[in-house]
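Beneath this line is the structure, given in structure tokens, with notes to follow.
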Amino acid sequence: MIHTWRFLCIACALLFTASCAAASADPETRAAETIIDRPATAPGPLPTIIVLHGAGLNGALTRNMMHLPKLAKEAGFVVAFPDAAGLVWNEASLARELPSAFYGPDDVAVLDGLIDHLVKASIADPAAIHLVGISNGGMMAAHYACQRAGRLASLMLFKATMPPASDPPCTPTRPLPFMLVAGTEDPVVRWDGSVVLGGAMMLQRRRSIPESFAFWQATNGCSGVAPAEALPRRGALDAPDVVLHRAQGCRHGVATWLYEIRGGGHRLPGGEELSLLRILGRATPDLETSAMILAFARGAKTTH
């Protein structure tokens, strides 16, 4: 009975935010159905940003919440917004805590298929594929980078952490520019690595935010971390503020950054302060998510 109630609670929470039926599990079908924004006049192949949505959402909703398509087109970037096959991405870690009906069989193969499709169609530059993940999508992005770092030019995680160290080892094949953005008061993916549903139900204990940052410091061969840098304030003095931690001495000079949003919740930087969203905590006005993504992708040093 306890397990049944647990699964019902999970289903209700996820279905509350789901907007459409699950996508096909077939990689070719998923690639063909993916929303792709690209400059109308720029010839391909172009640098490409792939954005993975959070649990219960989809690519279309995520696209509509961001300014990224417009900014990317102006900068000569392609942006793709794929859908998970289920309500969550199958990232082989948190997914194990949920019923199998909640996720598709192999989302690594799906992302492989999407990248293959973009490259074969001369849309994406294979040396400039930037992967962004939000919440559960960030967990999937991390899982993909663990297995396919050689296919990526950078990895950016928002409101997400790396899988537990007890999971199958994460062994990226090369240094990878890495950006992690997280709130210290996130009630869903907490700073200590706890993934909590409804403010009380523990789903999983993952690496903490500091441990996730340390993992990529080690992966990227960094020698230390520069003094923390407080970002300029743009909003009210009681709004969450931001401290940037930059690793130093990383191999090939790859950027390895942590944006610590002090007092921030399970919200994207620059998000609107709508009353309904307050259950997820507060957003910082000092940064804007789409601008952060594009700036990091543009400055990422490739190690191909």
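Values in this text are rule-based calculations from the coordinates and carry no lab data. Because the structure is predicted, anything quoted here is derived from the model rather than measured. Positions of Cβ are backbone-derived with ideal geometry, glycine not excepted, and every protein chain shown enters the neighbour counts.
Overview of results
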quantity: Added length on full extension, which subtracts the Cα-Cα distance from 0.36 nm per residue, Thr29 to Glu74; calculated: 13.3 nm
quantity: Extension reserve of the Thr184-Arg262 stretch, reckoned as 0.36 nm per residue once the Cα distance is removed; calculated: 27.5 nm
quantity: Spatially proximal lysines relative to Lys120 (Cα-Cα < 26 Å; intrachain offsets below 8 disregarded); calculated: Lys70, Lys73, Lys301
quantity: Kyte-Doolittle mean at least 0.5 and Cα axial length at least 27 Å: DSSP H helices in the chain; calculated: none
quantity: Nearest-0.05 FRET efficiency for Ala127 and Asp37, computed from C-beta distance (R0 30 Å); calculated: 0.90
quantity: Ranked packing of 214-221, 117-124, most packed first, by mean Cβ within 10 Å; calculated: 214-221, 117-124
quantity: Local electrostatic count at Thr284 - Lys and Arg +1, Asp and Glu -1, tallied over other residues with Cβ under 9 Å; calculated: +2
quantity: Rg over Rh, two decimals, the range 2-299 (C-alpha only, Kirkwood Rh); calculated: 0.94
quantity: Cut-off 12 Å between beta-carbons: net charge of the residues surrounding Arg234, Lys and Arg +1, Asp and Glu -1; calculated: -2
quantity: Sorted by Cβ density within 10 Å, fewest first, the residues Cys146, Cys222; calculated: Cys222, Cys146
